[in-house]
Amino acid sequence: MYMNREGYPDITAGKAIRQASAEERKRDGEVGILITMLKQIISLAGFELVGRIELKDRKTGKEYK
């Protein structure tokens, strides 16, 4: 249960934080799938990835390295 600064339960804030965390975990999983797909496409094209793949979410600005 989420508690506010005064130590009281804050159900609304707790729900919002859990929802945001769940969405972020989902997005992280989607990025992992995307990177795997990119690596497979590169391999199928007869190439080898020699560097890191870096992505930036246009909506949130979060960077994945």
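We did not get these values from a lab; they are worked out from the coordinates using the rules stated. No experiment lies behind these values; they were computed from the predicted model shown. We place every Cβ from the backbone using ideal geometry, glycine too, and count neighbours over all the protein chains shown.
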The range 1-39 to the range 40-61: how many Å between their Cα centroids? 25
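Could you order the peptides 33-43, 52-62 from most to least packed, using the average number of other C-beta atoms within 10 Å per residue? Working shown, then result.
Numbers: 33-43: 11.6, 52-62: 9.8.
Per-residue Cβ counts within 10 Å, averaged per peptide and sorted highest first, yield 33-43, 52-62.
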HN-Hα J couplings of the range 30-47 from phi, Karplus 6.51/-1.76/1.60, θ = phi - 60°, integer Hz, Gly and Pro as x? 5, 5, x, 5, 4, 5, 4, 5, 4, 4, 5, 4, 4, 5, 4, 7, x, 10
With θ set to phi - 60°, apply the Karplus curve 6.51 cos²θ - 1.76 cosθ + 1.60 along the range 14-19 and write out the HN-Hα couplings as whole Hz, x wherever there is a Gly or Pro. x, 5, 5, 5, 4, 5
Identify all aspartates and glutamates with a Cα-Cα distance to Lys39 below 20 Å; exclude those on the same chain that are fewer than 8 residues away in sequence. Asp28, Glu30, Glu48, Glu54, Asp57, Glu63
Under-5 Å amide H pairs with Asp10, H placed in peptide plane, nonlocal only: Tyr2, Met3, Asn4
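How large is the dipole of the chain about the Cα centre if only Lys and Arg carry +1 and Asp and Glu carry -1, each at its Cβ, rounded to the nearest 20 debye?
On the way: 13 positive and 10 negative charges, 17 e Å.
Dipole magnitude for the chain comes out near 80 debye.
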The lysines whose Cα lies under 20 Å from the Cα of Lys26, excluding any fewer than 8 residues away in the same chain, are Lys15, Lys56, Lys59, Lys62, Lys65
